[in-house]
C-alpha cells in the first residue's frame, strides 16, 4: 500500500472542509427557509389566504405545520450528523497529520456556545406556539367554557392529539438519532484525546486511525 504523504493528507483535509461548508450551507438554507415557511403558516392572518377561515381549516393547517416541524427537525439532525463526520476527520488530520487547528478552534467555540442544545427547544417551542395559536384563533377554549360546545371540545382534542404525536416524533428522533450520535461523538472524541500525547509518534497515530475506522464501521 502506498505511503500516506503530506500532500495526500492536505488534499483530504481540503475535501473535508469543502464537505463541511457544503453541508453547513444546506443546513443554513434548510433552517432559514424552513422557519420562514413555518412562521408564515403560523401567522394568524395567513392561513391559506382565507380572509375568514373556518376553525376546521385553521386546525388543519396547524396540524400540517406540526408535521412539517417534525420533518424539518429530522432533516436538521441528519445534516448535523453529516457535518460531524467530516468535521471529526478534519480534526484528526489537523491534530495528527498536518499540525493545523482551524476545525479544532471552530468545534471548540461551537461546543462552548451550547447552540446545539438550545436548537431542540426551538422546535418544541414552535409546537407549543402552534397549540396556543390554535386555541386562541379558533376561540376553542372560550366556546368550550361558555357553551360546552361539542365542536370546540373535539377541536381541542384534535389539537392536543396532533401536538402529542408531533412531540412524540421529535422526542423519538432525538433519542434514536441525536442521543446515539452524541454518544458516538463522545467515544470518538475521547479516543482522539487519549492519543494526543503521542501525536508525534507515527506508529501510535496509525493505531489510532485503525481504531477510529473500526469503531465507525460498526454503524455501517
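Here, each number is a calculation from the coordinates, and none is a lab measurement. Values in this document were obtained by computation on a predicted structure and should not be read as measured data. Cβ sites come from the backbone with ideal geometry, for glycine too, and all protein chains shown count toward neighbours.
The table that follows gives values for the structure above.
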| item | result |
| --- | --- |
| Crossing angle, helix 180-194 versus the chain [Cα axis fit, 0-90 degrees, rounded to tens] | 20 |
| By average C-beta atoms within 10 angstrom, highest first, the peptides 10-22, 71-83, 191-203 | 71-83, 10-22, 191-203 |
| At R0 = 22 Å, FRET efficiency that the Cβ-Cβ distance of residue 117 and residue 28 yields, to 0.05 | 0.75 |
| Folded to 0 to 90 degrees: helix 150-173 orientation relative to the chain principal axis, Cα | 0 |
| By average C-beta atoms within 10 angstrom, highest first, the peptides 170-178, 31-39 | 170-178, 31-39 |
| Helix 115-137 axis, angle to the chain major axis (alpha carbon atoms, nearest 10°) | 10 |
| Peptide ranges 157-163, 92-98 listed from the most packed, as the mean C-beta count within 10 angstrom indicates | 92-98, 157-163 |
| Ellipticity estimate at 222 nm from DSSP helix runs (n ≥ 4, -39,500 (n - 2.57)) divided over the chain, nearest 500 | -27500 deg cm²/dmol |
| Ranking of 65, 42 by count of other Cβ atoms within 10 Å, fewest first | 42, 65 |
